[in-house]
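K.L.:
The structure under discussion is supplied below as structure tokens; questions concerning it will follow.
The values are calculated or read from the model by the stated rules, or taken from the named source; none is laboratory data. Everything numeric here is computed off the predicted structure, so don't read it as measured data. Ideal geometry is used to build each Cβ from the backbone, glycine not excepted, and the neighbour counts take in all protein chains shown. Please note that ligands, DNA and RNA were not included when accessible areas were found on the heavy atoms of the full protein model with its side chains. Shrake-Rupley method; radii C 1.70, N 1.55, O 1.52, S 1.80 Å.
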Amino acid sequence: MKIGFIGTGVMGRGIINNLLQANYEVVVFNRTKAHAQSVLDNGATWADSPKEIAEAADLVITMVGYPKDVEEQYYGDNGLFAGSHAGQIFVDMTTSTPTLAEQLAVDGEKYDVKVLDAPVSGGDVGAKNGTLTIMAGGDEAAYDSLQPIFDVISKAANRFGVAGRGQHTKMANQIMIAATMLGMSEMMVYAKAADIDVAKVMATLSAGGAQNWSLDNYGPRVLAGDFEPGFYAKHLLKDLRIALDEAAKMNLSLPATDLAEALYTKLVEQKNLGDEGTQALVKLWAQFL
């Protein structure tokens, strides 16, 4: 199987490298070719457009930044659909909107192409180590056929139903992640203000009921002054806004998510720290400036 991959960012590079190590042939496209150089050096080949990717590949995976970027890759004269052929599977791993995922699946049927939404969780570490969690929606047979691929890049993959359900599941994930990021940040700020050993507090909490992924993976980065993005703060803000939009459609009030959105808005739009990792949230407090 020849795999096309669009999006060679922090997450995409890790996934592509694991596919290459599993001896899959991978052809890639990215809006900025220089950002793909590391995977090209590892054996991936280059295509000049999404259309060329679709023409060359059996399976195409997209992992870009925003819903508008997804639309750009799939539609238009140089988009994936323009180069598609019957029997292909397209998988969008971008965290996007359920509405767009549903539309892509409908439009894919016009070309006899199955389009799955399959956003992931696990950050740069999970992408690098092949231990992502995949949350999928879309055609069941197409999903089942991709298990060998998912086994290479993830530790867990689940399908939640029709197109759009993967994105809804990812919104649930981001709601939870945002809450743990807020808890981790406030815990660290509190411990530092109380003049106790933050690293020791973290180790203690990780051994008890307060243990969580954010604390274990991002807490040490904060202490080391490492705010490089395993996941961009600006992308979490985008996700939280999608989650709140979807919640409003279901007449749900999510006060903790509202707070998280407000704090990440301050971090991204007022502090201009959107290109740092989500752990940069602690920079809203003077103790970590």
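K.L.:
For the stretch 126-149, give me the residue count where each residue is of a type in the set (A, V, I, L, M) and either assigned to a helix (DSSP H, G or I) or at pLDDT below 95 (or both).
P.N.:
In the first step, residues of the stretch 126-149 are kept if they are of a type in the set (A, V, I, L, M); the result is 127, 132, 134-136, 141-142, 146, 149.
Then drop every residue that is not either assigned to a helix (DSSP H, G or I) or at pLDDT below 95 (or both), which leaves 127, 141-142, 149.
Number satisfying all stated conditions: 4.
K.L.:
Output the residues belonging to the stretch 91-119 that are more than 18 Å from residue 57 (Cβ to Cβ) and either open to solvent by less than 10 Å² (accessible area, probe 1.4 Å) or within 15 Å of the chain's Cα centre (by Cα) (or both).
P.N.:
Selection gives 95, 96, 97, 98, 101, 117, 119.
K.L.:
Working only within the stretch 238-287, note down all residues that are part of a helix (DSSP H, G or I), under 20 Å from residue 192 (Cβ atoms) and in contact (Cβ under 8 Å) with a residue 60 or more places away in the chain.
P.N.:
Selection gives 263, 278, 279, 281, 282, 284, 287.
K.L.:
Tell me, which residue of the stretch 17-30 that is closer than 19 Å to residue 55 by Cα and under 18 Å from the mean Cα position of the chain (by Cα) is surrounded by the fewest Cβ atoms within 10 Å (Cβ to Cβ)?
P.N.:
This residue is 30.
K.L.:
Among the residues of the stretch 131-144, which ones are touching a strand residue (DSSP E or B) at 6+ places or on another chain (Cβ under 7 Å) and either crowded, with 20+ Cβ neighbours inside 10 Å or not charged (D, E, K, R) (or both)?
P.N.:
Applying the first criterion (touching a strand residue (DSSP E or B) at 6+ places or on another chain (Cβ under 7 Å)) to the stretch 131-144 yields 131-140, 142-143.
Across the stretch 131-144, the qualifying residues are 131, 132, 133, 134, 135, 136, 137, 138, 142, 143.
K.L.:
Given the conditions (1) among the polar types (S, T, N, Q); (2) crowded, with 18+ Cβ neighbours inside 10 Å; (3) not in a helix (DSSP H, G or I), which single one is not true for residue 211?
P.N.:
It is condition (2) that residue 211 fails.
K.L.:
Continuing with this model, one more query. Restricting to the stretch 85-125, what's the tally of residues that are of a type outside the set (A, V, I, L, M), in a helix (DSSP H, G or I) and at pLDDT below 95?
P.N.:
Taking the stretch 85-125 and keeping what is of a type outside the set (A, V, I, L, M), we get 85, 87-88, 90, 92, 94-99, 102-103, 107-112, 114, 117, 119, 121-124.
With the extra rule that they be in a helix (DSSP H, G or I), the set shrinks to 98-99, 102-103, 107-109, 123-124.
Now restrict to residues that are at pLDDT below 95: 123-124.
Adding up the residues that qualify gives 2.
K.L.:
Residues of the stretch 32-61 being basic (Lys, Arg) and over 21 Å from the mean Cα position of the chain (by Cα), which ones? Spell out the reasoning first.
P.N.:
First, pick out the residues of the stretch 32-61 that are basic (Lys, Arg): 33, 51.
Once the filter is applied, which keeps residues that are basic (Lys, Arg) and over 21 Å from the mean Cα position of the chain (by Cα), the stretch 32-61 yields only 51.
K.L.:
May I ask you to list the residues in the stretch 176-213 that are without any contact (Cβ under 8 Å) to a residue 60 or more places away in the chain and among the small types (Gly, Ala, Ser)?
P.N.:
Scanning the stretch 176-213 gives 183, 191, 194, 199, 203, 206, 207, 208, 209, 210.
K.L.:
Just give me the residues in the stretch 225-237 being open to solvent by less than 20 Å² (accessible area, probe 1.4 Å) and without any contact (Cβ under 8 Å) to a residue 40 or more places away in the chain, in sequence order.
P.N.:
Selection gives 237 alone.
K.L.:
Within the stretch 38-57, work out how many residues are farther than 22 Å from residue 78 by Cα, open to solvent by 60 Å² or more (accessible area, probe 1.4 Å) and in a helix (DSSP H, G or I).
P.N.:
Qualifying residue count, the stretch 38-57: 1.
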